[in-house]
């Protein structure tokens, strides 16, 4: 009985002590709150309205100096923003984003790429919000997977799982077309040096010539991280605009008779050939160009799992869920670099021009190589020169464009599978070119 009484008294004492301590703490906090409240200065109705107005986008456009975006949105590589960039610059970028919306929705130009990029650009140019800043949504996405080169590897893994090597194995000559189209990469390297970029920066810029977004991000992250945003925007813009850029070049370099050429049916490829090819490509990269193995390794891994036929769930995830999720984040992250203070500068505009010329040169080189190969091919084994344009790395966009242009002149002429050969070779070729540049510089 005495033990129970003693225990009850101890419990009562502890409860009273806890209550007193809590009350003391609360009182102390209340004093602090009162002190804070005491420091607050009452405002008139006019001052409240003015305070609200200063946080609106209207004030930000009319009085750019009040925009906190200038100090926190792009702290890492920001420079002083001029009045033009903050007002008219944003309006120009809004217009650019709406044009991209139009191309994606009304014209159907690669909406999977253009819509996330354009929407990211729209968000990046919203005043005051700081969405594109280091701690904003777009900034977090950019640092999470683009700045460190992680998203490109996941994209390559998904592309590998989606790729069918059958056209390339059935017609190995198509690899020459993929190689010829890489002329744009080395042409843009010379062009970038000519206008004042150093060799490392020029090497990073040059990959745009292959229209390979993931590889462009990967090599820029290693050689010229300060240009990463501009290079990513240029590379993905030209990837998405393949249906606009390539057809005029293809038509200018070929005759109507050449566009009507029907290619012989591809031979049947054994499953073991498709299974061993990604391993062979990876081993060659390891031996000759280890610098390219992150990209080629991710690509080979995705393709090997697909060709094995025993992990359909993993292959399906890489082809669909994984690549779709990464594409959303990648598009928004790239779009964050469409902010006026980053895009409307001479370096970025110069990179865009170099990229356009290089991509055009790569397309032309592929078509010309196909015409040359026709000269040494037999009459019953002719090559439609249009498929040379698919040698750039924009897979499968370039192959679809080739097929569409070919059917404009002969609806029965199906070039898609033939064009996939150089298209796949172009993906590997751009990764190899990146490895060469990384190993040198």
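What follows is calculated from the coordinates using simple rules that are stated; it is not laboratory data. A quick note: this is a predicted structure, and the numbers were derived from the prediction, not measured. Heads up, the Cβs are rebuilt from the backbone with ideal geometry, glycines too, and the neighbour counts pull from every protein chain shown.
For the listed peptides 419-428, 160-169, a ranking on the average number of other beta carbons within 10 Å per residue, highest first, reads 419-428, 160-169. Evaluating kT/(6 pi eta Rh) at 37 °C and 0.692 mPa s, with the Kirkwood radius of the range 174-263 over Cα pairs in the Stokes-Einstein relation, gives 230 µm² s⁻¹.
Computed as a quarter of the hull surface, the mean projected area of the alpha carbon convex hull for the range 214-287 stands at 8.7 nm².
In terms of the mean number of neighbouring beta-carbon atoms within 10 Å, the peptides 391-401, 204-214 order highest first as 204-214, 391-401. For the range 188-248, relative contact order (Cα pairs under 8 Å, six or more residues apart, normalised by length) works out to 28 percent. Taking 0.36 nm per residue of separation and subtracting the current Cα-Cα distance, fully stretching the chain between residue 255 and residue 43 would add 68.7 nm.
With a Förster radius of 60 Å applied to the C-beta separation of residue 164 and residue 441, the computed FRET efficiency comes to 0.95.
For the Cα trace of the range 234-342, dividing Rg by the Kirkwood Rh returns an Rg/Rh value of 1.07. The Kirkwood radius of the range 290-389, taken over pairs of alpha-carbon atoms, gives through the Stokes-Einstein law at 25 °C and 0.890 mPa s a diffusion coefficient of 137 µm² s⁻¹. Subtracting the Cα-Cα distance of residue 382 and residue 409 from their residue separation scaled by 0.36 nm leaves 8.0 nm. Remark: spin-label model distance residue 91-residue 273 equals 6.0 nm, labels positioned 7 Å along the Cα→Cβ axis. Distance distribution note for the range 342-441: the fraction of Cα pairs above 21 angstrom is 44%.
Note on the range 92-186: Cα-only Rg and Dmax are 18.2, 56 Å.
P(r) tail for the range 153-201: Cα pairs beyond 12 Å make up 73% of the total.
The slack between residue 320 and residue 144, meaning 0.36 nm per residue of separation minus the straight C-alpha distance, is 61.3 nm.
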